[in-house]
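Read the figures in this text as sums done on the coordinates, not as results from a lab. Computed from a predicted structure; not experimentally measured. A quick note on method: Cβ atoms are made from the backbone with ideal geometry, for glycine too, and the neighbour counts reach across all protein chains shown.
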Amino acid sequence: MKEETKQRAVKAFLIFLAAMFVLTFASRAVYAAKLPKVTYTTLKYQKIPHALKFSGNVDAVNKIPVYIPEGLRVTAVKADCGDSVGRSNVIIQLDRRQLSDAIISLENQIELELGSAQTYAPEGQVPVFTLPDLRLIELCVSTGDSVSKGDTLFRLDSDYLSRFTEQLRRDLNADIVSLNELAATGEGSSADALKGVISEKQQIYDEYRRFYESGGTVTAPVSGTVTDVLVSVGGMTMDTAAVLISSSPEISASVEEAKRKLAELKELNDNEGKVCSPEIGVIADINLTEGDITDNSAAFTVSDPADGIVFRAVIPEGDTGYISEGDKVDLSFRNGKIRLENCEVKRIAKPIKGDGRKVVIELNDDRLKAGENGELTITAFSAENYGCIPLSIINEDKGDGYIYRIEETEGFLGKEYVVHRVDINIADQNKNIAGLIDTSLDDTTMIVQTASKELSEGQKVRLS
C-alpha cells in the first residue's frame, strides 16, 4: 500500500513538473509575442554607385551673337529658341519711330561735339610707362574708359616677372664673382670697367625687384579718360608708353563711338527696323521680348552647325566630383528614340554665369540638329570601398544619424536578443545606400533593418 502511494506521489510530482514547464514555455511565448519583431541586415563592403542624369541640349560649335544698339524698343520677336532660320530671316522688329528719333538725336550730339575746340586738343595727355620686356596678362581698361588716380590699368604676368627678376639677379651675381676674380689677379682696369656694368645692372635689378614686390600692377597716375591703349594681353612691354590718359574727357573718342553707332542705326533704319539672322542655323538664345529696350548684351544667338555640333550640359556643384574629362557617358534624345553610348567628355569648364561645371561632348550623328534637348547619363562609383547599409534604416536624432545593432545572448530558456544604439558617420551615399566610416561594426554584426515597434537602447527584441 505504501509502495502504491509512493508511486502515485512521484507520478503526481512529474505531472506537476511537466505542467510547470508547459506553463513556463507558454509564459515565455506570451512574453516574446509582446517584444518588438525585427529583421536584420549586415554591412556589405562595396563602392557606392551614383547614377547621374543631367539635361542638356545640342549646340553648334560655332555660335554667332547678334547685338543691337542700346536704347531701342522691341515691337515684335518673330522666332523662338530652337527655331531653324535662314540667312536674312527677320528675328526682331524694332520701333521705327523711336529708331528715327534716336538717329536725329545722335546726329545732333555729334554735330555739337565736333563744334567744340577741345575735341582736337592734344593737351592733357599723360603717357603711362612700365618696365620693358614683361608679359601683360590682364588689361583692365580700354580706350574711352574713365579712370581715377590709382585705378588699375593693367597687370603683368607675375610668374614671368619673377623669372625675369631672378635671371637679372643671377647675372648680377655672376658679374660680382667675375669682379672679385679680377681684383684677385690684379687686373685693375678691367675691374673698374666691370664695376660700372655692375652698378647699372644693380639699378635695373632693384627696379624690377621693387616692381615685383609691388605686385606687378600698373595704376593710373592721374584721373581722366583713357585716350589710347598701346599694349595687348599676351604682348610684351616696351620702353614706349603703354597707355595714354587725358586729364580732361577726350571728346574725339566719344565722337568716333557716336559715328559708329549712328552708322548701325542708319543701317537698321534702311532695313525698316528689322534685325535678321546673319547665317543659316538655329536660334540658340533670345534675350529680348516684345516691349523690351535693347542693352549692350547680345539680343540673340544663332548656332551655325557648319563646323559641327556638340552636346552641352551644366553639372550641379555637388555632382562635379563624379565626372571628369575623358569619362564615357550615355546620351539620349527624342524621348529615348536616339541613344548614343560611350560618348567621351571632351571638356569641362566653369560656366560664365552660375555654379557647377559645363560639360561638352562632341557629336557626330546626322540625325541630330542644333537646338534639340537631350539627357546625359553616367554611373560613377565612389573612390573607396565602404561598409554599406540601406539608407532607409538610418534614424536621426537632432541631425545625427544612428542605427541599432542586435546583440545575441544566452538566456535561461535559450537565445535572447537585445538592441544597442550605434552612432554612425556617413562618408558617401546615393538614394538607396549609405557608406559608413569610423565604425565599430563589421560584416558579422546584426543591424536592425525593420521593427514592428519603436526601439530604444537596451530593449529586448525577437527576430522575425
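To the nearest µm²/s, what D does Stokes-Einstein give for the chain at 25 °C and 0.890 mPa s, using the Kirkwood radius over alpha carbon pairs as Rh?
Values: Rh = 31.9 Å.
The calculation lands on 77 µm²/s.
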**Complete:** Ranking V222, T240, P127 by how far each Cα lies towards the positive end of the charge dipole of region 125-247 (+1 on Lys and Arg Cβ, -1 on Asp and Glu Cβ), the top one is V222
**Message:** Just to check I understand the Karplus step: with θ = phi - 60° and J = 6.51 cos²θ - 1.76 cosθ + 1.60, what whole-Hz values come out for region 379-384, glycine and proline as x?
**Reply:** 10, 10, 10, 4, 5, 10
**Request:** Could you tell me how many degrees, from 0 to 90 and to the nearest 10, lie between the Cα long axis of helix 96-114 and the main elongation axis, the longest principal axis, of the Cα atoms of the chain?
**Result:** 50 degrees
**Prompt:** Using a Förster distance of 56 Å, how high is the FRET efficiency between A263 and I406, based on the Cβ-Cβ distance and rounded to 0.05?
**Reply:** 0.10
**Prompt:** Taking 0.36 nm per intervening residue step and subtracting the Cα-Cα distance, what contour gain separates S190 from T143 on full extension?
**Reply:** 11.9 nm
**Fill in**
Measuring from its Cα centre, the chain shows a charge dipole (+1 at each Lys and Arg Cβ, -1 at each Asp and Glu Cβ) which, in debye to the nearest 20, is 3520 debye
**Request:** For V418 and N173, compute 0.36 nm times the residue count separating them, minus their Cα-Cα distance, and round to one decimal in nm.
**Result:** 80.3 nm
**Item:** Relative exposure of D366, D228, judged by other C-beta atoms within 10 Å (fewest first)
**Value:** D366, D228
**Prompt:** So what is the 222 nm mean residue ellipticity for the chain from helices alone, if each DSSP H run of at least 4 adds -39500 (n - 2.57) and you divide by all residues, rounding to the nearest 500 deg cm²/dmol?
**Reply:** -9500 deg cm²/dmol
**Message:** Please report the projected area of region 188-279's Cα convex hull averaged over all directions, in nm².
**Reply:** 11.8 nm²
**Asked** If one computes the Cα centroid of region 193-252 and of region 49-100, what distance in Å separates the two points?
**Response** 43 Å
**Message:** Can you compute the equivalent ellipsoid semi-axes for region 125-247, i.e. the square root of 5 times each eigenvalue of the Cα gyration tensor, sorted largest first and rounded to whole Å?
**Reply:** 38, 14, 10
**Message:** How tilted is helix 251-270 with respect to the longest principal axis of the chain? Cα atoms for both, answer in degrees (0 to 90, nearest 10).
**Reply:** 70 degrees
**Message:** Under 24 Å between alpha carbons, and skipping anything fewer than 8 positions from K460 in its own chain: which lysines qualify?
**Reply:** K34, K37, K415
**Message:** Beyond 21 Å, how much of the Cα-Cα pair distribution for region 341-461 remains, as a whole percent?
**Reply:** 60 percent
**Fill in**
Tilt, helix 158-185 to longest principal axis of the chain (alpha-carbon atoms), in degrees rounded to tens, equals 70 degrees
**Message:** I need the phi-derived Karplus couplings for region 276-292: 6.51 cos²θ - 1.76 cosθ + 1.60, θ = phi - 60°, integer Hz, Gly and Pro marked x.
**Reply:** 10, 6, x, 8, 6, x, 10, 5, 8, 9, 10, 9, 10, 10, 4, x, 5
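Mind checking the full-extension length gain between K350 and V314? Use 0.36 nm per residue of separation minus the Cα-Cα distance, one decimal, nm. Don't skip to the answer; put the middle values down first.
Values: separation 36, 0.36 × 36 = 12.96 nm, distance 0.90 nm.
Length gained, K350 through V314: 12.1 nm.
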**Restraint check, K78/K266; K149/K350; K358/K431, Cα-Cα greater than 26 Å** = K149/K350
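What FRET efficiency would be calculated for the residue pair Y160, T42, taking the C-beta separation as r and a Förster radius of 45 Å, to the nearest 0.05? Could the numbers behind the result be given before it?
Values: r = 60 Å, r/R0 = 1.33.
Efficiency, from the Cβ-Cβ distance: 0.15.
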**Request:** Select from N395, V461, S88 the residue farthest towards the positive end of the dipole of the chain; place +1 on Cβ of Lys and Arg, -1 on Cβ of Asp and Glu, and compute about the Cα centre.
**Result:** V461
**Fill in**
Partner aspartates and glutamates whose C-alpha sits under 13 Å from that of K259, ignoring same-chain residues fewer than 8 away, are E107, E111, E113, E267
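Over all directions, how big on average is the projection of the convex hull of the alpha-carbon atoms in region 304-381, in square nanometres?
Result: 5.7 nm².
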**Request:** Between E384 and A306, with labels modelled 7 Å along Cα→Cβ, what's the label distance in nm to one decimal, could you check?
**Result:** 5.4 nm
